[in-house]
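Participant: Attaching a single structure in structure tokens format; questions to follow.
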Amino acid sequence: MTGGFLQDPPRLGNTYQDDPLLADLLARELPATVAAELDGELRTLGELAGGPLYAQSLRERTLEPVHTAWDAWGRRIDHIEVTPLWREAQRLAAVHGLVAAGHEPRLGADARTWQFAAAYVLGPSLDLYTCPLAMTDGAATTLRDHDDPTLAAYRARLVSRDPAQMWTSGQWMTERTGGSDVGGTETVARRADDGRWRLSGTKWFTSATTAEMALALARPEGNPAGSGGLALFLVETRDDEGRLRGISINRLKDTLGTRKVPTAELTLDDAPALLVGEARGGVRAIAPMLTITRTWNAVCAAGLARRGVMLARDYAGRRRAFGALLADKPLHVDTLAGLDAEVGGMLALTMRVVRQLGAAEHGDGAAAARLRWLTPLAKLTTGKQAVAVTSEAIEACGGAGYVEDTGLPRLVADAQVLPIWEGTTDVLSLDLLRALAAPGAVASVRAELAESLATVTAPGLTAAVEAARALGERALGWLEATAAAEREAGARRFALALGRALQLAHLAALAQWCGDHGRSDHAAACALRLAGHPCPHP
Ligand code: MFK
């Protein structure tokens, strides 16, 4: 018989209702009728996320996708069986429009806010099903720009709300020769006499390989080396009888985290494909997909970090040590406040990107120009923060946080992919520099900071305003004082400092609005906390 002392596991409530910062942001950004309608939807999703889905994900902790290459009779089948929660996630994603909502005209420029608020609330309980959703959304956005009825029919599948109709899409870029450096792609596209294209080569990382289609880069025969010689293709993965079309799955990757995502190495052997756009300029053609998947990455980073803080905070209300609850220990409370502030900054910056995306897609040219540098900035900043915050969150649960069957270590293992997927921190820091080299781009960064800070007048927020201004000016001052050819080594430090400055500025503006409108003081607490710790590495 053991002693009577048992540890109480951390629990989740309604993950939307327990997140006042999101509600404050949405109340500020959306028309009242849209905010009220979305509030109802998010309550439903928050209940699902904190209740049955979280319980299912803990129950299924050890289940993983299984690849069966051959059937008992020697036929190559390459079947991938995903986990039950992934199957449920597919249904929920369709029904709740996690892709579709962002593309529906009904909400105009608010559509993306609706979609990504839903993804932020539900995503952390979907066992990384957000990965295929991100790529699906990216593909739907890329195909939208092409006036072609065949491509439009594929796109209709991607944005369907009917689980029986909705398809997901992969994004096949990465090869052994070219990970970040996509120009090294070796996959060849050959055009047969009948005009049809076929792809041959090896794709070294394909995430969510159960997708019904993929957008892939390949080099049409005779095209020059380098990224300019690549073209974009649509591959429908299986035929009417479910057989892969010129594709074989070599193996699933044995990854650190994202264990529920069937990430595979593929061989393409004359796989039939449709050309998307022209037979060159594939990187430029796939850029809309990168913008969308990088936005999803930031949303999921904020969601996963919030999940970690929610669990750590709940645990602090249950765990007694040294004669008191952790929640009554000033040092622990201070640690949690620091994590809360990081997530606040992540959410404020990410939702800014989401708002600009919605505006850009509805004709706002200035928003489109800002998005070009805001997207890599938000992606790289939040990716780093997600790892740091989830690491601290599991530490806040002590040894339990390090024990696999509490489900807590998965947070940090999954978060670790976020600075890597869709462009590493260094690659995106360089992308940011390229984006800021465009005429007017640095001025638009200054305007972004100044416009947010100009709204902040409350004396209690002065420290946040001053910290944002000083950090922003220091970063931009470095950029302007450094010759373009000399900037590379400082690119990451510049990017993280600028990301922090913008997080502070957007939090301060939100805090001001909340103060003026009788909302929570959550944004103010986050802004002041970050102002006291302006170091971009949390
Ligand atoms: C939780 C959910 C998260 C999402 C999950 C998704 C899972 C999927 C996992 C993956 O597939 S991860 C693999 C993702 N791979 C990458 O993100 C590649 C990272 N590397 C880069 O981003 C490089 O910067 C890049 C490949 C784009 C560099 O290629 P290039 O050809 O050397 O770039 P270049 O010459 O700068 O750009 C070519 C054209 O594309 C230019 O246009 P022009 O031809 O008109 O001059 C660029 O302006 C344009 N371009 C490049 N990046 C762009 C862009 N346009 C808009 N936005 C961008 N970000």
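Participant: Starting from the stretch 364-383, take each residue that is closer than 10 Å to T295 by Cβ and within 10 Å of the ligand (Cβ to nearest atom) and list its partners that are in a loop (DSSP other than H, G, I, E, B) and not polar (S, T, N, Q), counting only C-beta distances under 8 angstrom and pairs at least six apart or across chains.
Facilitator: K379/E422; K379/G423
Participant: Looking for something free of Cβ contacts under 8 Å to residues at least 40 places away in the same chain and over 20 Å from E175 (Cα atoms) - is there at least one such residue anywhere in the stretch 245-258?
Facilitator: No, every residue in the stretch 245-258 fails to be free of Cβ contacts under 8 Å to residues at least 40 places away in the same chain and over 20 Å from E175 (Cα atoms).
Participant: Residue under question is A211, and the condition is that it be within 13 Å of the ligand (Cβ to nearest atom), closer than 28 Å to A89 by Cβ, of a type in the set (G, A, S) and touching a Leu at 6+ places or on another chain (Cβ under 6 Å); does it hold? Reasoning before the result, please.
Facilitator: Details: within 13 Å of the ligand (Cβ to nearest atom): yes; closer than 28 Å to A89 by Cβ: yes; of a type in the set (G, A, S): yes; touching a Leu at 6+ places or on another chain (Cβ under 6 Å): no.
Taking the combined requirement at face value, the residue does not satisfy it.
Participant: Of all residues in the stretch 111-129, which are within 13 Å of the ligand (Cβ to nearest atom) and small (G, A, S)? Break it down into steps so the answer makes sense when it comes.
Facilitator: Going residue by residue through the stretch 111-129, those that are within 13 Å of the ligand (Cβ to nearest atom) are 116, 119-120, 122-124, 126-129.
Listed by number, the residues that qualify are A119, G123.
For every residue, the table says whether it meets (1) more than 13 Å from the ligand (Cβ to nearest atom); (2) over 15 Å from the mean Cα position of the chain (by Cα); (3) acidic (D, E).
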site	(1), (2), (3)
A109	yes, yes, no
C131	no, no, no
L158	yes, yes, no
A164	yes, yes, no
D193	yes, yes, yes
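Participant: Filter the stretch 379-425 for residues that are touching a Lys or Arg at 6+ places or on another chain (Cβ under 6 Å) and acidic (D, E) and give the result.
Facilitator: E422
Participant: Residues in the stretch 311-331: is at least one buried (at least 20 other Cβ atoms within 10 Å of the Cβ), within 16 Å of the ligand (Cβ to nearest atom) and either among the polar types (S, T, N, Q) or within 28 Å of A208 (Cβ to Cβ) (or both)?
Facilitator: Checked the stretch 311-331: no residue is buried (at least 20 other Cβ atoms within 10 Å of the Cβ), within 16 Å of the ligand (Cβ to nearest atom) and either among the polar types (S, T, N, Q) or within 28 Å of A208 (Cβ to Cβ) (or both).
Participant: Mind counting the residues in the stretch 499-538 that are closer than 16 Å to V445 by Cβ and surrounded by fewer than 24 Cβ atoms within 10 Å (Cβ to Cβ)? Write out each step before concluding.
Facilitator: The initial filter retains those residues of the stretch 499-538 that are closer than 16 Å to V445 by Cβ, namely 499-506, 509, 536.
Of the ones still in play, those that are also surrounded by fewer than 24 Cβ atoms within 10 Å (Cβ to Cβ) are 536.
Qualifying residue count, the stretch 499-538: 1.
Participant: Could you grab me the full set of residues in the stretch 264-300 that are over 30 Å from R355 (Cβ atoms) and either more than 12 Å from the ligand (Cβ to nearest atom) or among the aromatic types (F, W, Y) (or both)? It would help to see each step written out before you state the result.
Facilitator: Filtering the stretch 264-300 for residues over 30 Å from R355 (Cβ atoms) gives 264-275, 278-280.
Answer for the stretch 264-300, where residues must be over 30 Å from R355 (Cβ atoms) and either more than 12 Å from the ligand (Cβ to nearest atom) or among the aromatic types (F, W, Y) (or both): E265, L266, T267, L268, D269, D270, A271, P272, A273, L274, L275, A279.
Participant: Only one of P149, P132 is closer than 25 Å to K260 by Cβ and modelled with pLDDT of 95 or more; which? Don't jump to the end; show me each part of the working.
Facilitator: Numbers: P149 fails: closer than 25 Å to K260 by Cβ.
Just one listed residue meets the conditions, P132.
Participant: Hey, another quick one. Scan the stretch 104-152 for residues that are touching a residue at least 40 places away in the same chain (Cβ under 8 Å) and of a type in the set (K, R) and report the count.
Facilitator: So the count comes out to 2.
Participant: Of T185, T168, T202, T174, which residue is within 8 Å of the ligand (Cβ to nearest atom) and β-branched (V, I, T)?
Facilitator: Being within 8 Å of the ligand (Cβ to nearest atom) and β-branched (V, I, T) holds for just one of T185, T168, T202, T174, which is T174.
Participant: Moving on to the next point. Which of the residues belonging to the stretch 382-405 are more than 21 Å from R352 (Cβ to Cβ) and under 16 Å from the mean Cα position of the chain (by Cα)? Spell out the reasoning first.
Facilitator: Taking the stretch 382-405 first, the residues more than 21 Å from R352 (Cβ to Cβ) are 387, 390-405.
Those that are more than 21 Å from R352 (Cβ to Cβ) and under 16 Å from the mean Cα position of the chain (by Cα): V387, T390.
Participant: Given the criterion in contact with a Ser or Thr (Cβ under 7 Å, 6 or more places away or on another chain), surrounded by 14 or more Cβ atoms within 10 Å (Cβ to Cβ) and in contact (Cβ under 8 Å) with a residue 60 or more places away in the chain, identify the matching residue among L471, L496.
Facilitator: Numbers: L471 fails: in contact with a Ser or Thr (Cβ under 7 Å, 6 or more places away or on another chain).
Matching residue, one of L471, L496: L496.
Participant: Go through (1) touching a residue at least 12 places away in the same chain (Cβ under 8 Å); (2) buried (at least 16 other Cβ atoms within 10 Å of the Cβ); (3) over 24 Å from L411 (Cβ atoms) and name the single condition A89 misses.
Facilitator: (3)
Participant: Please work out which one of (1) within 27 Å of the chain's Cα centre (by Cα); (2) assigned to a loop (DSSP other than H, G, I, E, B); (3) away from the ligand (no atom under 14 Å from the Cβ) is the condition G257 fails and give its number.
Facilitator: (3)
Participant: Among the polar types (S, T, N, Q) and crowded, with 17+ Cβ neighbours inside 10 Å, is that true of T113? I'd like the intermediate steps shown before the answer.
Facilitator: Working: among the polar types (S, T, N, Q): yes; crowded, with 17+ Cβ neighbours inside 10 Å: yes.
Yes.
Participant: Return the residue satisfying two criteria in turn: it lies in the stretch 474-492 and is of a type in the set (K, R) and free of Cβ contacts under 8 Å to residues at least 60 places away in the same chain, and of such residues it is surrounded by the fewest Cβ atoms within 10 Å (Cβ to Cβ). Working first, answer last.
Facilitator: In the first step, residues of the stretch 474-492 are kept if they are of a type in the set (K, R); the result is 474, 487, 492.
Okay, now just the ones that are also free of Cβ contacts under 8 Å to residues at least 60 places away in the same chain, so 474, 487.
Details: R474: 14, R487: 17.
The qualifying residue surrounded by the fewest Cβ atoms within 10 Å (Cβ to Cβ) is R474.
Participant: I would also like to ask the following. Can you tell me which of A49, A35 is of a type in the set (G, A, S), within 29 Å of R355 (Cα to Cα) and either without any contact (Cβ under 8 Å) to a residue 24 or more places away in the chain or loosely packed, with under 12 Cβ neighbours inside 10 Å (or both)? First the steps, then the outcome.
Facilitator: Working: A49 fails: either without any contact (Cβ under 8 Å) to a residue 24 or more places away in the chain or loosely packed, with under 12 Cβ neighbours inside 10 Å (or both).
Going through A49, A35 in turn, the sole match is A35.
Participant: Moving on. Quick one: which residue in L432, L411, L504 is at pLDDT 95 or above, within 23 Å of E342 (Cβ to Cβ), in a helix (DSSP H, G or I) and more than 16 Å from the ligand (Cβ to nearest atom)? Give the derivation first.
Facilitator: Details: L432 fails: more than 16 Å from the ligand (Cβ to nearest atom); L411 fails: more than 16 Å from the ligand (Cβ to nearest atom).
Unique residue meeting the criteria: L504.
The values are calculated or read from the model by the stated rules, or taken from the named source; none is laboratory data. A quick note: this is a predicted structure, and the numbers were derived from the prediction, not measured. Quick reminder, even Gly has a Cβ in these numbers, built from the backbone with ideal geometry, and neighbours come from all protein chains shown.
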